[in-house]
Amino acid sequence: MVALHALTAAFLISQVCASAIPQQDVTVSTTSSVVLPSVAARSVEAAAAQLEQLSSWAYNTSTDRLSEAKDKRHGCTLSKLRIRRDWRAFSAAEKKDYIKAVRCLQELPARTPAHLAAGAKTRYDDFLATHINQTLNIHYTGTFLAWHRYFIHQFEEALREECGYRGNIPYWDWPSDAHSLEKSEVFDGSETSMSGNGKYIPNQPDIVLTMEGAADIYLPTGTGGGCVTSGPFKDYTVNLGPAALMMPGGNQTAMSNPLDYNPRCLKRDLTTELIQRFANHTSVMSLILGNNKIRDFQLVMQGVPGTGDIGVHGGGHYAMGGDPGRDVWVSPGDPAFWHHHGMIDRVWWLWQNLDRKNRQDAIAGTDTFLNNPPSPNTTLDTMVDLGYAKGKPMKMRDLMSTTAGPFCYVYL
């Protein structure tokens, strides 16, 4: 496992600072009967229609490729294909099955040795400890997208193999909840949600993101802030962290060793405005259609440091808020993390499908956070190792397609 490094507040904040790169027309391969948009619509309603069209096209072309046996050598076939769907498309029974499996992982004993992560008490914590250990090597690096693709896949495999889950991992379609996170099926606090908001704390000051040489970014707090009060995870205990938890008023909280045992409640501070600003339909389509190169795509997704827009990745995390939602290291401690990164993976999948020849194996970046300290370029031979979470080490080249290597899934 990768050693934990110290990180200054200013350096950490750069992970959520982004700006929009000017849009460019995108040349896409389509059938003669399908014309896809090349520039994101300005209106949210039109952009939503564009995203729906692109999603349907990507699903159809992906399944067509499998039916034509183009990926047969990889062992992925239509009969094996898993379909990942929006949480809203799950039936109540399917949601309960998924929730039951996640809670099961939160009860099984950890595999991470205590001398490496004393706070890891459960199998769920094994995944959290791995993310904490590797944070500086999996964000703003060449492995960001593929690492998290493998991470959520192995989480899904753990749910299946260790907890009897028979379904597929969901995604959270952020822009569809831009009207109200409190009414989102992910966060409405019902028995089929990932639990609801935290107890309301009034008069919370803004979250202030600062970085030397750049203007401060002020993010509003939400309608919660305290411990989650409803839903299946209201009694769930976060055991690890914080590592760099952003607090209202511009403060930051951290344990001297975030891998030590620090049991506490799950907190949320749902902030719909952050989805409206950074992860709406136009934001998503601009990201997909406005960035031809993987370097630009993944940077805009995570946030271009020092330029004021936190991107869809930061938008989703900060919209959940609370603890550990505002801590990049410990963020998988919120059970909705997997929904959020399911959507991150879906957006990458859509982007890849627009130009599979040039984008399927596209990589840019090095092996360290913003190349600090300087490190080798990430290549298709770079290894991804999830430590004690699950899965064997894999080369990047085996993690680039959702229908090759260890994967056999598409999004709908």
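The values are calculated or read from the model by the stated rules, or taken from the named source; none is laboratory data. The structure presented is a predicted model; accordingly, all values stated were derived computationally and were not measured. A quick note on method: Cβ atoms are made from the backbone with ideal geometry, for glycine too, and the neighbour counts reach across all protein chains shown. Please note that ligands, DNA and RNA were not included when accessible areas were found on the heavy atoms of the full protein model with its side chains. Shrake-Rupley method; radii C 1.70, N 1.55, O 1.52, S 1.80 Å.
Annotations for the structure displayed:
- Residue list for the stretch 194-243, filter: within 22 Å of Asp173 (Cβ to Cβ) and either of a type in the set (Val, Ile, Thr) or without any contact (Cβ under 8 Å) to a residue 40 or more places away in the chain (or both): Thr223, Val228
- Residue that is most open to solvent (accessible area, probe 1.4 Å) [pool: residues in the stretch 292-302 that are of a type outside the set (A, V, I, L, M, F, W, C), more than 27 Å from Met194 (Cβ to Cβ) and not in a loop (DSSP other than H, G, I, E, B)]: Arg295
- Glu161 meets each of the listed conditions (1) at negative phi; (2) in contact (Cβ under 8 Å) with a residue 60 or more places away in the chain apart from (2).
- Scanning the stretch 103-118 turns up one or more residues that are of a type outside the set (Phe, Trp, Tyr) and surrounded by 23 or more Cβ atoms within 10 Å (Cβ to Cβ).
- If the condition is being without any contact (Cβ under 8 Å) to a residue 24 or more places away in the chain and not acidic (Asp, Glu), then the stretch 380-399 contributes Leu380, Met383, Lys392, Pro393, Lys395.
- Some residue of the stretch 83-92 being surrounded by 12 or more Cβ atoms within 10 Å (Cβ to Cβ) and among the hydroxyl-bearing types (Ser, Thr, Tyr): no
- Failed item, numbered, when Gly189 is tested on (1) open to solvent by 20 Å² or more (accessible area, probe 1.4 Å); (2) in a loop (DSSP other than H, G, I, E, B): (1)
- Considered as a group, the residues in the stretch 362-381 that are under 22 Å from the mean Cα position of the chain (by Cα) and farther than 14 Å from Ile294 by Cβ include one that is surrounded by the most Cβ atoms within 10 Å (Cβ to Cβ), and that residue is Phe369.
- Matching residues, the stretch 93-102, being open to solvent by 30 Å² or more (accessible area, probe 1.4 Å) and touching a residue at least 24 places away in the same chain (Cβ under 8 Å): Glu94, Lys96, Asp97, Lys100
- Any chance Arg65 is out of contact with any Cys (no Cβ under 9 Å at 6 or more places or on another chain), crowded, with 21+ Cβ neighbours inside 10 Å and under 18 Å from Leu350 (Cα atoms): no
- Some residue of the stretch 307-316 being in a loop (DSSP other than H, G, I, E, B), in contact with a helix residue (DSSP H, G or I) (Cβ under 9 Å, 6 or more places away or on another chain), acidic (Asp, Glu) and closer than 28 Å to Ala117 by Cα: no
- Selected residue (criterion: nearest to the chain's Cα centre (by Cα)) from residues of the stretch 194-220 that are modelled with pLDDT of 95 or more and buried (at least 21 other Cβ atoms within 10 Å of the Cβ): Met194
- Subset of the stretch 335-361 that is free of Cβ contacts under 8 Å to residues at least 60 places away in the same chain and assigned to a loop (DSSP other than H, G, I, E, B) - its residue that is surrounded by the most Cβ atoms within 10 Å (Cβ to Cβ): Asp361
- If the condition is being in a loop (DSSP other than H, G, I, E, B) and closer than 28 Å to Ser79 by Cβ, then the stretch 362-403 contributes Leu386, Lys390, Gly391, Lys392, Met400, Ser401, Thr402, Thr403.
- Output for the stretch 253-291, where each listed residue is open to solvent by 50 Å² or more (accessible area, probe 1.4 Å), among the polar types (S, T, N, Q), in contact (Cβ under 8 Å) with a residue 12 or more places away in the chain and assigned to a loop (DSSP other than H, G, I, E, B): Asn257
- Qualifying positions in the stretch 303-317 - open to solvent by less than 10 Å² (accessible area, probe 1.4 Å) and within 13 Å of the chain's Cα centre (by Cα): Gly311, Val312, His313, Gly314, Gly315, Gly316
- Just one of the numbered conditions (1) under 30 Å from Thr368 (Cα atoms); (2) open to solvent by less than 30 Å² (accessible area, probe 1.4 Å) is not true of Leu54: (1).
- Contact map, the stretch 24-53: residues that are farther than 21 Å from Gln276 by Cβ and among the small types (Gly, Ala, Ser) paired with residues that are modelled with pLDDT of 95 or more and surrounded by 11 or more Cβ atoms within 10 Å (Cβ to Cβ), Cβ distance under 8 Å, separation 6+ or inter-chain. Pairs shown: Ser29/Leu354; Ser29/Asp355; Ser29/Arg356; Ser38/Leu289.
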